[in-house]
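Notes follow once the structure below has been shown.
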Amino acid sequence: MSQTEHLLKTLPNDIGGLPADRIERIDHELEPWEKRCHALADVLDFHKIISTEEKRRGVESLGAELIGKLTYYERWVVAFANILFQKGILTPEELAKKMDEVERRQAE
């Protein structure tokens, strides 16, 4: 398979067989925002807004570089936002406004 064919056929998280450091499997308590993110995924799926398959494709569409920089739940958040933008359910302006509102509340 040529390098071009490999890039076209391989998804960013398809890293099986590639050299890598040992994976440290550590159980840890989820942060409150991670729990909310997981709950949001369940709600979006329950209400047929974003399916598990759409979430997977949304994360993969972020590309290898961004996937490598974000944590597991950060990938979900970005994928959810992008999908909701594409579906016209949420706009970047609405999200920015809400994020500013939350930031102000945290500062108080």
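Would you mind working out the magnitude of the charge dipole of region 31-107 relative to its Cα centre, with +1 at each Lys and Arg C-beta and -1 at each Asp and Glu C-beta, to the nearest 20 Debye?
Rounded to the nearest 20 debye, it is 100 debye.
Among the aspartates and glutamates, which fall within straight-line cross-link reach of Lys69, defined as a Cα-Cα distance under 17 Å, with same-chain neighbours fewer than 8 residues apart omitted?
Lys69 reaches Asp14, Asp21, Glu34, Glu60.
So for each of 96-106, 39-49 I average, over its residues, the number of other beta carbons within 10 Å; can you give me the resulting order with the highest mean first?
Values: 96-106: 9.5, 39-49: 12.5.
Ranked by mean Cβ neighbours within 10 Å, highest first: 39-49, 96-106.
At what distance in angstrom do the alpha carbon centres of region 17-45 and region 72-94 lie from each other?
Here the two parts' Cα centres lie 18 Å apart.
Compute for region 31-107: radius of gyration divided by Kirkwood radius, i.e. Rg/Rh, restricted to C-alpha atoms, rounded to two decimals.
Over the Cα atoms of region 31-107, Rg/Rh equals 0.97.
Bear in mind that the values in this text are calculations on the coordinates, not laboratory data. Because the structure is a prediction, the values reported are computed rather than measured. Neighbour counts run over all protein chains shown; Cβ positions are idealised from the backbone, glycine included.
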